[in-house]
Amino acid sequence: MDAFPAFFPLAGRKVIVAGSGEGAENKARLFDGSPATLVRLTEDEARSASAFEGAALVFLASPDEAFLETSAALARSVGAAVNVVDHPALCDFYTPALIDRGAVVAAVGATGAAPLLAAMLRNDIEAVIPEGAGRLADLFRVTRDAVRAALPDMGPRRAFLREVMRSPAAEAAMAGDGARAEALLREALASFDTHAIGMGRVDFVVADGPADLLSLRAARALSQADVLIADPQRSAEILALARRDARRLPLAEMATLRLIDLAGEGLRVVCATAGEVDPSIPRALALAGAGVSVLRLALADN
């Protein structure tokens with residue numbers, strides 16, 4: 001990862017777009033409908049450090065190379081992060097191709113090297129993100145404190161939120177009925193029984209080969225794992241596909257009773273193993289006998 005992707009809160013922030021031309025217009029349009037205060041400056045207005053005072057982000061666009069270099073240094077001197085259109089070497093950050101769904105924003109970046117490629121990938125991803133995704137995120141935001149208070153443990157909380165995402169509350173949020181969605185979620189939260197959480201699952205993933213040979217199902221299992229049990233010497237490429245916030249446990253935790261306990265909390269557990277996994281092994285049989293869903297995912301699995 002050559003550049004770290006981060007999302008910058010805009011409420012109460014000042015953003016300056018200085019310069020002229022299509023590049024400046026494109027950057028200004030990025031902030032349409034945002035809570036940021038957008039300030040446009042001409043090149044003549046952007047030739048002193050005071051012009052950039054109070055700005056959190058500054059975008060510069062101009063055919064004048066000297067202006068770009070000087071103004072970037074001036075903006076940086078007063079603490080602003082700077083993006084210079086078509087000049088990656090002068091940038092503190094790169095502008096990704098964006099998919100804007102309100103509270104849900106997806107970004108695809110190519111570290112300033114290939115903006116057209118990022119835009120093409122953005123178009124593919126945009127097709128699979130529902131228009132109402134941001135409204136569903138807003139629902140989770142306004143009820144976050146209540147959900148955390150009612151379900152302080154991560155396992156039950158994730159199980160509840162997974163249920164909500166397939167519930168009438170989610171449907172109402174996606175349709176734009178925020179009041180009904182919130183009422184339905186709070187009603188579901190009040191009646192949620194942590195003792196009745198459905199059994200989780202255990203996936204055995206072969207992690208010996210290169211990541212590009214991993215099946216789609218195996219990659220999906222890793223990306224959805226709540227718990228990853230793996231030998232750190234397994235393929236780093238494959239283990240990197242697991243969620244960054246998944247709990248990492250050592251191989252000693254792959255004992256059958258431990259796996260049953262984890263699945264009993266409603267967690268999705270991935271065991272990254274070496275070599276083929278035989279679903280008839282005693283451990284798999286014991287897990288299935290305890291009601292745990294078990295899936296073998298090999299490199300060549302489709």
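Any chance segment 27-48 includes a residue that's outside any helix (DSSP H, G or I), acidic (Asp, Glu), within 22 Å of Ala106 (Cα to Cα) and in contact with a strand residue (DSSP E or B) (Cβ under 7 Å, 6 or more places away or on another chain)?
If we filter segment 27-48 for residues that are outside any helix (DSSP H, G or I), which is where we start, we get 30-43, 47-48.
Retained after the next criterion (residues that are acidic (Asp, Glu)): 32, 43.
Still in the running and within 22 Å of Ala106 (Cα to Cα): 32.
Filter once more, keeping what is in contact with a strand residue (DSSP E or B) (Cβ under 7 Å, 6 or more places away or on another chain): none.
The answer is no; no qualifying residue exists.
Could you tell me which residue of segment 219-239 is surrounded by the fewest Cβ atoms within 10 Å (Cβ to Cβ), considering only residues that are of a type in the set (A, V, I, L, M, F, W, C) and modelled with pLDDT of 80 or more? I'd like the intermediate steps shown before the answer.
Taking segment 219-239 and keeping what is of a type in the set (A, V, I, L, M, F, W, C), we get 219, 221-222, 225, 227-230, 236, 238-239.
Retained after the next criterion (residues that are modelled with pLDDT of 80 or more): 219, 221-222, 225, 227-230.
Details: Ala219: 16, Ala221: 23, Leu222: 26, Ala225: 24, Val227: 23, Leu228: 21, Ile229: 24, Ala230: 23.
My answer is Ala219.
For the condition touching a residue at least 24 places away in the same chain (Cβ under 8 Å), farther than 30 Å from Val269 by Cβ, open to solvent by less than 80 Å² (accessible area, probe 1.4 Å) and under 15 Å from the mean Cα position of the chain (by Cα), what is the one hit in Gly109, Gly132? Full working, then the answer.
Details: Gly132 fails: under 15 Å from the mean Cα position of the chain (by Cα).
It is Gly109.
Kindly state which helices (runs of 4 or more DSSP H) lie completely within segment 153-192 and contain at least 2 residues that are of a type in the set (Lys, Arg) and either open to solvent by 70 Å² or more (accessible area, probe 1.4 Å) or touching a Phe, Trp or Tyr at 6+ places or on another chain (Cβ under 9 Å) (or both). Don't jump to the end; show me each part of the working.
Details: elements: 154-164, 168-174, 178-191.
So the answer is 178-191.
Give all pairs with beta carbons closer than 6 Å in which a residue from segment 1-27 that is touching a residue at least 40 places away in the same chain (Cβ under 8 Å) and under 30 Å from Arg244 (Cα atoms) meets a residue that is polar (S, T, N, Q) and open to solvent by less than 60 Å² (accessible area, probe 1.4 Å); count only pairs at least 6 apart in sequence or on separate chains.
Asp2/Thr111; Ala3/Thr111
Looking only at residues in segment 83-142 that are closer than 17 Å to Ser34 by Cα and of a type in the set (Lys, Arg), which one is modelled with the highest pLDDT?
Arg135
Looking only at segment 135-152, which residues are surrounded by 15 or more Cβ atoms within 10 Å (Cβ to Cβ), assigned to a helix (DSSP H, G or I) and of a type outside the set (Val, Ile, Thr)?
If the condition is that a residue be surrounded by 15 or more Cβ atoms within 10 Å (Cβ to Cβ), assigned to a helix (DSSP H, G or I) and of a type outside the set (Val, Ile, Thr), then Arg135, Leu136, Ala137, Asp138, Leu139, Phe140, Ala150 are the ones that fit.
The values are calculated or read from the model by the stated rules, or taken from the named source; none is laboratory data. Values in this document were obtained by computation on a predicted structure and should not be read as measured data. We place every Cβ from the backbone using ideal geometry, glycine too, and count neighbours over all the protein chains shown. We work out accessible area using only protein heavy atoms, side chains counted, and drop any ligands, DNA or RNA first. Shrake-Rupley method; radii C 1.70, N 1.55, O 1.52, S 1.80 Å.
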